[in-house]
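Here is the structure we will look at.
The values are calculated or read from the model by the stated rules, or taken from the named source; none is laboratory data. Please read all numbers here as calculations on a predicted model, not as lab measurements. Counting neighbours? That spans all protein chains shown, and the Cβs are built from the backbone with ideal geometry, glycine included.
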Amino acid sequence: RAAYLAGLIRAPEVADASRDPAMADQRRNTVLGAMERAGHLTADQRAEMQAVPVAAMEGFRPREDAVEDRIVGGHIGTQHFVEYVRAQLLERYGEDMLYGGGLRVHTSLDPQLQEAAFRSVYGTLDRPDDPAGALVALDAAGHVKAMVGGRQLVPDSEESPYADVNFALGKEGGGSGRQPGSAFKPFVLAEAVSEGYSVESALPSPAEVVFPGANAGADYTVRNYGDAGYGTQNLIEATRVSSNTAYAQLADTLGLEEVVETARRLGIRAEIPADQLSVALGAVEVSVLDMADAYLTFATRGVQVDPVGVTSVTDGAGRVIDEFTAGRERVLEPEEADVVNFVLEGVVESGTGTRANVGRPVAGKTGTTQDNGDAWFVGYTPGLSVAVWMGYPEGQARKMSSVHGVEVTGGSFPADIFRKFLSDALKIEEDYGGEFVAPRTLDGKLLTGTRQAHADPDAAPPTTTGEEQGSTTTVPPEEPPPTTAAPTATTPPPRPTTTTAVPTTTPRGVITLPPSTTATTASTTTSSEQPRGRESADAPPD
């Protein structure tokens, strides 16, 4: 019995003999084996003890009143959250106090939301050979209300090298994070808005753009899916259909260092290289938790809130040892966040994320990486931010080209999972919903030029081999928007009739948009017009 209890410490919810007798026996036997090697047992004693299953040991009593059993009658994927919390407590208090101090830990997890999250993910990805999925939900206070990091956490698994990885986290979860694809684009958008640029600024959106030396000295080729050229698009429309070439130019014009710094301020904690333009399209590994946190900054109208998993710790007598509240810092002005929210609402209303629509105000962004290796939907209401990821544990080497017969994109399964979870969450807690504050204005400086080096949809793409292949970005399609019109559900107040165009210099090799004939009274009505040269597309890119 003592060996079984020792085996429980690392992950009691995994080795509970009431729920998984085989795992309980395995953990106990591991301890007995260690005792024999240390000279505390003979081989015969060990064999005698191992012959009796844990569930048949004298004095064993099944936990019929287990919390999870009372809630849903089974497994709801709490192991990953428990390990997330345990690691934080171990670092703060050390082993002796954590395991021997009689601590009582109060967490932020909502069992009902956790159940809804687990069922949304693995009720959708319900086949044995399906990819893995992860989901993190944060409320406006930064509390982790739900965390799904995989199907089931199995420490020291001999069957799978990924069974002990928490896919909701990055390095601290045993992995490295996953690439977000176009779900990174809102950070570029936020930087543009914070620099005072209007989202009605127009950018060319050709089929292909080449940026010499933009990826750590190597040329970087960006293509829209299907080599589609969209003519000229404002940032609202470019976000709605997720134009790669427009956003790469935008990031290059703003400066990648500035974009990276904005992503960090919003809540991305991963190391992000500032010399690779591909980062602007999500070619960097991030965690699901960080993505939920960064988008929460938009939901809170510009206040970055650190995630909190533990709310308080008390001792055996009930005395409070520690109380934890989220760190908060304003990183965007409310009016800037309102504009970002307005643009991202359009993605859900009529863009690549329509399958995430719950009939209530929701903003968000789809993301799909090269060759369908990772797929995301990150969305939010004013009271709840939710990040959903799916992909095979092996990484992008395994494509999600046919899951349930469907080519996976962020607008397919991840958006469906988000919708299922958010629908349940709003039934559990009505306050998670609400209306976004409409932008006071969409006016601002106009992007009148770009620093793109080449944009020729008729040119053959350059041929590259070996490692240089990584300098090409072509993103798969998402769900097609039902209309080519710009989002109209939220109408900001009338704008002033004059907007001053930004003077720009023209570096060598630059293609610059034709200046307005009335530069000091430049029109900003492109959001309601069909972009010039817009091609119809059954499957817009992401």
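Worth pointing out:
Residues are listed down the side, and each one gets a yes or a no for (1) in a strand (DSSP E or B); (2) over 25 Å from residue 375 (Cα atoms):
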residue	(1), (2)
77	no, no
80	no, no
86	no, yes
112	no, yes
119	no, no
124	no, no
128	no, no
136	yes, no
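- Each residue in region 352-398 was checked for being of a type in the set (D, E, K, R) and under 19 Å from residue 247 (Cβ atoms), and 2 pass.
- Among the residues here, residue 183 does not qualify as assigned to a loop (DSSP other than H, G, I, E, B) and under 21 Å from the mean Cα position of the chain (by Cα).
- Residue in region 53-71 that is on the phi < 0 side of the Ramachandran plot, at pLDDT 90 or above and either surrounded by fewer than 14 Cβ atoms within 10 Å (Cβ to Cβ) or not in a helix (DSSP H, G or I) (or both) present: yes
- Pick from region 273-289, criterion β-branched (Val, Ile, Thr) and outside any strand (DSSP E or B), ranking: nearest to residue 90 (Cα to Cα): 288
- Selection of region 225-247 for residues being in contact (Cβ under 8 Å) with a residue 60 or more places away in the chain and assigned to a helix (DSSP H, G or I) yields 225, 226, 227, 235, 236, 237, 239, 240, 244, 245, 247.
- Condition met for residue 240 (in the same structural domain as residue 345 (by TED's automatic domain parsing), farther than 20 Å from residue 342 by Cβ and under 21 Å from the mean Cα position of the chain (by Cα)): no
- Hits in region 170-227 (condition: closer than 30 Å to residue 289 by Cβ, charged (D, E, K, R) and modelled with pLDDT under 90): 171, 172
- In the set 107, 124, only one residue is at pLDDT 95 or above, among the hydroxyl-bearing types (Ser, Thr, Tyr) and touching a strand residue (DSSP E or B) at 6+ places or on another chain (Cβ under 6 Å); that residue is 107.
- Test for residue 16: is it at pLDDT below 90, in a helix (DSSP H, G or I), under 34 Å from the mean Cα position of the chain (by Cα) and surrounded by 14 or more Cβ atoms within 10 Å (Cβ to Cβ): no
- Any chance residue 251 is at pLDDT below 95, aliphatic (A, V, I, L, M), within 21 Å of the chain's Cα centre (by Cα) and farther than 30 Å from residue 98 by Cβ: no
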